[in-house]
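Only one structure is covered here, and it is reproduced in the block below.
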Amino acid sequence: MKPEKPSSLHLDDEAIHWATRLDGGDLTPDERARLDAWLAGDPAGRWRLAHYQQFYAQLHGTLPAMAAAGALDPVTVPAARPRRFWLRAAAGIGVAAVLALAGVWWSQRPLRLVTTTAQRQSVTLSDGTRTDLNARTVLTVAMHRARREVHLEQGEAVFTVTKDVQRPFFVLTAAGTVRVVGTQFNVRAAPSGVVTVTVLEGRVAVQPVDVTGRELPPPPLLVAGDRLRIDPATGGVQTDRPQGVEDVTAWREGRVVFLGTPLGEALERFADYHDRSLTAAPEAATLSLGGRYTLDDLDHFLASLERALPVRVLPTSGGGLRVVVRAR
């Protein structure tokens, strides 16, 4: 008779046990041997273990906050070793119950997502919406009963929104609000303050505002292929249908496509992927640039600039670079 294959639930129990034990302190030699044997017997063991270790890391912050807010029975946290206390509390409540409670708790709290220089990240929100974040992006997600909100503070993201007619999806920026039910679109909040919305699928309504927050006349409903640029400083709102709209999201594969792009804007794109200042003199910043580039390869991009445009790239103090018009 073949030995009975361990159930998924049993394997999860094992992963929870080892995640708890590893979080609580160093393993004994015997425990280390048993852990190694378990990992060797379950091909997905390392993934399961990492999953619950991450869960426990979140739990250390979640359970105290839940208790403080009255979501759990009142408890007294010992002054020593509070981390182990909350693990014991989790074990007492029951892992399944904690998972459910924590899931509800976190789904009702704003979620802050941040990427750093050269970092990209894909996140699936609690409603099933996929959010792809470009480098140096900061956004906050809040799921409410009647609406879904994302506040894009800076950077760029592609939203593939799960359709829910009862809960419209809003993206809030300093230049206005994007409203959808279910669609796919790209939003970029540039350092200059200009916000660009590009619709890839479906339809999008945008309410632009100026720097004072005053609402500007809304443009017609945007459809797939439309691009809207809002400049709050000037109150300018411009809609067009650029060629190669699919290239707008090339950054998800680490590439960027320029088509008549102002040089100053192109440098902003590369600055998100390199820890140095990249600027252009005013007379150089407005020069138009075209081409396809790899965001990680700054040297190639800068060399291409000097071949394609009448400019020079000069070093600045602090390790930065400045592009100036080449003297004739």
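Would you pick out the residues in the range 272-287 that are under 16 Å from VAL313 (Cβ atoms) and touching a residue at least 40 places away in the same chain (Cβ under 8 Å)?
HIS274, ARG276, SER277, LEU278, THR279, ALA280, ALA281, GLU283, ALA284
Could you check the range 278-297 and list, in sequence order, the residues that are over 12 Å from VAL311 (Cβ atoms), part of a loop (DSSP other than H, G, I, E, B) and either modelled with pLDDT under 95 or in contact with a Gly (Cβ under 9 Å, 6 or more places away or on another chain) (or both)?
Within the range 278-297, LEU295, ASP296 qualify.
Are there any pairs, at least 6 apart or on different chains, whose C-beta atoms fall under 6 Å, with the first in the range 247-265 and within 19 Å of VAL311 (Cβ to Cβ) and the second part of a strand (DSSP E or B) and of a type in the set (A, V, I, L, M, F, W, C), and if so, which?
Within 6 Å, the pairs are PHE258/LEU289; THR261/LEU289; LEU263/ALA280; LEU263/LEU289; GLY264/ALA280.
Conditions tested, residue by residue: (1) part of a helix (DSSP H, G or I); (2) in contact with a Phe, Trp or Tyr (Cβ under 6 Å, 6 or more places away or on another chain); (3) at pLDDT below 65; (4) not acidic (Asp, Glu).
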site	(1), (2), (3), (4)
ASP13	yes, no, no, no
ILE16	yes, yes, no, yes
GLU31	yes, no, no, no
ARG48	yes, no, no, yes
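Has the range 288-299 got any residue that is surrounded by 16 or more Cβ atoms within 10 Å (Cβ to Cβ), more than 15 Å from VAL256 (Cβ to Cβ) and in contact (Cβ under 8 Å) with a residue 40 or more places away in the chain?
No, the range 288-299 has no match at all.
Can you name the residue in the range 244-277 that is of a type in the set (Ser, Thr, Tyr) and in a loop (DSSP other than H, G, I, E, B) and, of all such residues, is surrounded by the fewest Cβ atoms within 10 Å (Cβ to Cβ)?
The selected residue is SER277.
Tell me, which residue of the range 316-328 that is over 28 Å from ARG120 (Cβ atoms) and at pLDDT 95 or above is nearest to the chain's Cα centre (by Cα)?
So the residue we want is VAL324.
The values are calculated or read from the model by the stated rules, or taken from the named source; none is laboratory data. Keep in mind it's a predicted model, so treat the numbers as computed, not measured. Neighbour counts run over all protein chains shown; Cβ positions are idealised from the backbone, glycine included.
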